[in-house]
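Q: Dropping a structure here in structure tokens format, bear with me for questions.
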Amino acid sequence: MSSRQERQRPPQQRSHIAKIAARLMAEDGIASAALAKRKAARSLGLPDSAAMPDDAEVEAELRTYQQLFQEDEQEARRMQLLGIAARLMTSVQRFNPYLSGSVLDGTAGRYAEIDIQLFTDSAKDVEIFLLNERISYRHSAPRTDRAEAVLTLFIDGVVANLVVYPRDDERVSFKTRDGRIRERARLAKVLKLLAGNGISAA
């Protein structure tokens with residue numbers, strides 16, 4: 001192989017991995033870009049040490065895949081999830097909820113879960129509220145050390161994760177694995193997204 005081909009292979013390899021990872025996320029419901037990239041690399045016979053695309057590259061390929069093959073389904077699913085998120089955020093308004101994740105950024109697919117960040121003095125306060133409202137939940141493993149708890153609910157056949165952080169962390173800008181600021185939205189913005197598509201959260 002020529003030196004020029006050697007120089008070209010990593011970018012081509014990264015692009016190929018990103019495309020396969022995006023398809024795995026869209027079709028198989030893999031939520032983690034890191035896991036999807038590892039599976040994509042292995043499907044190509046590459047080691048985990050292979051040159052990997054960053055999460056932004058995978059997200060771009062995921063958007064492209066959804067637009068090409070799942071546009072109507074994906075948009076309908078996202079609107080459904082936004083509606084459920086808005087109702088849930090309304091019920092937990094006292095805990096300063098923010099929507100985050102794929103439902104907000106527009107990449108939510110057929111297997112997407114709702115991620116809502118809560119900022120309060122104690123995760124126990126959220127649990128007591130859910131118990132008083134007779135809302136069933138289970139504990140899930142936090143994805144970050146900053147989270148005090150993750151309370152997972154099942155609403156209308158959809159998984160919703162209430163990720164509870166200390167109140168002071170509301171001022172913190174959380175970042176993605178590849179260093180980008182993680183987008184989040186208050187209830188007013190979620191309602192605006194729904195209204196822009198002619199949908200009421202009621």
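What follows is calculated from the coordinates using simple rules that are stated; it is not laboratory data. Note that this is a predicted model, so its numbers are computed, not measured. Backbone-built Cβ (ideal geometry, glycine too); neighbour counts: all protein chains shown.
Q: With a ≥ b ≥ c the root eigenvalues of the C-alpha gyration tensor of the range 132-202, is it rounded (a/c under 1.5), prolate (a/b larger than b/c) or oblate?
A: Oblate shape, in that a/c is at least 1.5 and b/c is the bigger or equal ratio.
Q: Just name one of G109, M25, Q12: the one whose Cα is farthest towards the positive end of the charge dipole of the chain (beta-carbon charges, Lys/Arg +1, Asp/Glu -1).
A: Selected residue: Q12.
Q: Right, next: Could I have the simple spin-label model distance between R134 and S91, label points 7 Å from Cα toward Cβ, reported in nm to one decimal?
A: 1.2
Q: Apply the Karplus parameterisation 6.51 cos²θ - 1.76 cosθ + 1.60, with θ equal to phi minus 60°, to every residue of the range 103-109 and state each ³J(HN,Hα) to the nearest whole Hz, in sequence, with x for glycine and proline.
A: Karplus-based 3J(HN,Hα) across the range 103-109 equals 5, 7, 7, x, 9, 4, x Hz.
Q: Another question, then. Among (i) 1.14; (ii) 1.33; (iii) 1.28, which is the computed Cα Rg over 2.2 N^0.38 Å?
A: (i)
Q: Could you compute the net charge surrounding R77? Neighbours are other residues with a C-beta less than 13 Å from the C-beta of R77; K and R count +1, D and E count -1.
A: -4
Q: Going by a ≥ b ≥ c, the root eigenvalues of the Cα gyration tensor, does the range 74-189 fall in the rounded group (a/c under 1.5), the prolate group (a/b larger than b/c) or the oblate group?
A: Oblate.
Q: Does anything in the range 163-188 have its amide N under 15 Å from the 7 Å Cα→Cβ label point of Q67, and if so which residues?
A: Counting only backbone N, you get no residues.
Q: If you don't mind, there's one more thing I want to ask. If contacts are Cα pairs under 8 angstrom and at least 6 residues apart, what is the relative contact order of the range 60-202 in percent?
A: Once normalised by length, the contact order is 27 percent.
Q: On to the next question. Between L82, F95, A40, whose Cα lies farthest towards the positive end of the dipole of the range 27-116 when Lys and Arg beta carbons carry +1 and Asp and Glu beta carbons carry -1, centred on the Cα centre?
A: Of the candidates, F95 comes out farthest on the positive side.
Q: Would you mind ranking M89, M79, M52, M25 so that the residue whose beta carbon has the fewest other beta carbons within 10 Å leads the list?
A: Taking fewest neighbouring Cβ atoms as first place, the list is M79, M52, M89, M25.
Q: I want the antiparallel fraction of DSSP beta bridges within the chain, as a percent rounded to 5. If you can, show how the numbers build up before the last one.
A: Details: 16 of 23 bridges.
In the chain, DSSP labels about 70 percent of beta bridges as antiparallel.
Q: In percent, what relative contact order does the range 1-103 have, based on Cα pairs under 8 Å that are 6 or more apart in sequence? Walk me through the numbers on the way to the answer.
A: Numbers: 68 pairs, mean separation 25.3, N = 103.
Reported as a whole number, the value is 25 percent.
Q: Among the lysines, which have Cα under 28 Å from the Cα of K124 when same-chain residues fewer than 8 positions away are ignored?
A: The reachable lysines, counting only those whose Cα sits under 28 Å from K124, are K175, K189.
Q: Please report Y137, Y165 as a ranked list, fewest other C-beta atoms within 10 angstrom at the top and most at the bottom.
A: Least crowded to most crowded, the residues run Y137, Y165.
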